[in-house]
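Working notes, beginning with the structure itself.
The values are calculated or read from the model by the stated rules, or taken from the named source; none is laboratory data. Computed from a predicted model, the values in this text were never measured in an experiment. Note that we place each Cβ from the backbone using ideal geometry, even for glycine, and neighbour counts take in every protein chain shown. To get the accessible areas, we keep the full protein, side chains included, count just its heavy atoms, and leave off ligands, DNA and RNA. Shrake-Rupley method; radii C 1.70, N 1.55, O 1.52, S 1.80 Å.
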Amino acid sequence: MAQKVFFSVSMSLDGFIAPESLGDLMGQQWRELQQWVFPQRFFRENLKLGEGGEEGRDNDILRETFERTGASVMGKRMFDAGERMWPEEAPFHTPVFVVTHTRRDPWARPGGTTFHFVNDGIESALDQAREAAGDRDVRIAGGGATILEYLNAGLVDEFSIALSPVLFGSGIRLFEGVDASRVALEPVRSESSPRVTHLTYAVQPR
């Protein structure tokens, strides 16, 4: 199958994927949003949190998302937050291309993750990620503004939302500012688990 560009995020029922302030990441609201992820065996294995964990469809989806990803793209805001919170062995284990205005040499981490800092726009970052990914897919890892840029530019083929049974009230909305005149969606699948509902859509030009 042809290489795809995709994103996969958890979202609250009222449409938010993160708190507004980086200082609130890992806070109560964010933990509730991600509550379906933390108990999963694959998540625990990937972050070396110890043995055990749940198995089932949620766990399978986390593993499948990881295995299909040959490279990731993210924005500077997500990188800045992750640089403080990720373990030394960052959880990507593939090349990651950070869209930024900051010039910086590549940053190699144990376990196969190398962060490359791209200063000439989202298309350049995606081109480099495509080449690095080989026959696997490219994931637009976040944050919300970066996902939206790629979506509005017509560069996303597919996305998945893990719809979490929580309300945020405020924060970063996934689709705030989307160019709805250019984006059409086709449902691919819907899967429910006791913790979350997984929705997958193909993206087509309108």
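For the reader, a short list of remarks on this structure follows.
Let's see how each residue does on (1) under 18 Å from the mean Cα position of the chain (by Cα); (2) at negative phi; (3) basic (Lys, Arg):
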residue: Pro39; (1), (2), (3): no, yes, no
residue: Leu62; (1), (2), (3): yes, yes, no
residue: Ser72; (1), (2), (3): yes, yes, no
residue: Glu88; (1), (2), (3): no, yes, no
residue: His93; (1), (2), (3): yes, no, no
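- Residue that is surrounded by 17 or more Cβ atoms within 10 Å (Cβ to Cβ) and on the phi > 0 side of the Ramachandran plot, where the choices are Gly154, Gly171: Gly171
- Selection count where residues are open to solvent by less than 70 Å² (accessible area, probe 1.4 Å), of a type outside the set (S, T, N, Q) and within 27 Å of Arg130 (Cβ to Cβ), scope region 48-71: 7
- The sole residue among Arg136, Arg130, Arg109 that is open to solvent by 50 Å² or more (accessible area, probe 1.4 Å), without any contact (Cβ under 8 Å) to a residue 24 or more places away in the chain and over 18 Å from Arg77 (Cα atoms) is Arg109.
- Any hit, region 167-182, residues being outside any loop (DSSP other than H, G, I, E, B), in contact with a Gly (Cβ under 8 Å, 6 or more places away or on another chain), farther than 27 Å from Leu13 by Cα and charged (D, E, K, R): no
- Selection status of His101, in contact with a Lys or Arg (Cβ under 8 Å, 6 or more places away or on another chain), over 23 Å from Asp14 (Cβ atoms), of a type outside the set (Lys, Arg) and outside any strand (DSSP E or B): yes
Residues are listed down the side, and each one gets a yes or a no for (1) assigned to a strand (DSSP E or B); (2) of a type in the set (A, V, I, L, M, F, W, C); (3) modelled with pLDDT under 95:
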{"position": "Phe6", "(1), (2), (3)": "yes, yes, no"}
{"position": "Glu32", "(1), (2), (3)": "no, no, yes"}
{"position": "Phe42", "(1), (2), (3)": "no, yes, yes"}
{"position": "Asp60", "(1), (2), (3)": "no, no, no"}
{"position": "Arg63", "(1), (2), (3)": "no, no, no"}
{"position": "Phe66", "(1), (2), (3)": "no, yes, no"}
{"position": "Ser72", "(1), (2), (3)": "yes, no, no"}
{"position": "Arg77", "(1), (2), (3)": "no, no, yes"}
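- Any hit, region 26-35, residues being closer than 22 Å to Glu158 by Cβ and in contact (Cβ under 8 Å) with a residue 40 or more places away in the chain: yes
- Those residues of region 97-115 which are touching a helix residue (DSSP H, G or I) at 6+ places or on another chain (Cβ under 8 Å) and either under 23 Å from Gly154 (Cα atoms) or hydroxyl-bearing (Ser, Thr, Tyr) (or both), in sequence order: Phe97, Val98, Val99, Thr100, His101, Thr102
- Check on Phe117, under 24 Å from Glu67 (Cα atoms) and without any contact (Cβ under 8 Å) to a residue 24 or more places away in the chain: yes
- Residues being within 21 Å of Ala184 (Cα to Cα), touching a residue at least 40 places away in the same chain (Cβ under 8 Å) and assigned to a loop (DSSP other than H, G, I, E, B) - total across region 139-163: 4
- All positions within region 4-33 that are surrounded by fewer than 16 Cβ atoms within 10 Å (Cβ to Cβ) and polar (S, T, N, Q): Ser21, Gln28
- Among residues of region 8-30, those that are charged (D, E, K, R) and either under 18 Å from Pro87 (Cβ atoms) or at pLDDT 95 or above (or both), counted: 1
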